[in-house]
């Protein structure tokens with residue numbers, strides 16, 4: 001008889017849908033978020049690069065915000081309406097666009113304030 005050591009979790013890799021379900025139940029499930037990032041890193045990075053260029057510091061902050069957004073919005077994912085990969089791409093792109101617009105607005109306000117002086 002082989003005994004499993006106490007506390008050892010053995011599981012098969014989860015699908016995107018299972019990971020999103022876990023996040024829907026707990027938006028700060030770090031394991032699920034890291035697993036999704038590992039699977040979809042390329043497309044998440046592409047969204048950050050598309051909206052912020054190749055600056056590594058800005059890209060890193062954008063990616064963190066994108067991951068938080070994926071965690072928060074996971075409960076809205078409907079597997080009947082679209083593929084998980086497409087949903088993640090859309091959420092990543094929407095969050096990166098929102099961040100870009102917020103940054104542009106802040107810069108614009110700052111420039112107007114300086115001109116007014």
For the stretch 24-38, how many residues meet the condition of being part of a loop (DSSP other than H, G, I, E, B) and more than 12 Å from the chain's Cα centre (by Cα)?
-> 2
Note on the stretch 64-112: residues in a helix (DSSP H, G or I), over 15 Å from residue 49 (Cα atoms), touching a helix residue (DSSP H, G or I) at 6+ places or on another chain (Cβ under 7 Å) and touching a residue at least 40 places away in the same chain (Cβ under 8 Å) are 70, 71, 74, 75, 84, 85, 88
Take the residues of the stretch 39-59 that are within 19 Å of residue 28 (Cα to Cα) and in contact (Cβ under 8 Å) with a residue 12 or more places away in the chain: which is farthest from the chain's Cα centre (by Cα)?
-> 39
Top-ranked residue in the stretch 1-29 [being loosely packed, with under 10 Cβ neighbours inside 10 Å and closer than 23 Å to residue 77 by Cα; ranked as modelled with the lowest pLDDT] | 12
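The values are calculated or read from the model by the stated rules, or taken from the named source; none is laboratory data. A quick note: this is a predicted structure, and the numbers were derived from the prediction, not measured. Backbone-built Cβ (ideal geometry, glycine too); neighbour counts: all protein chains shown.
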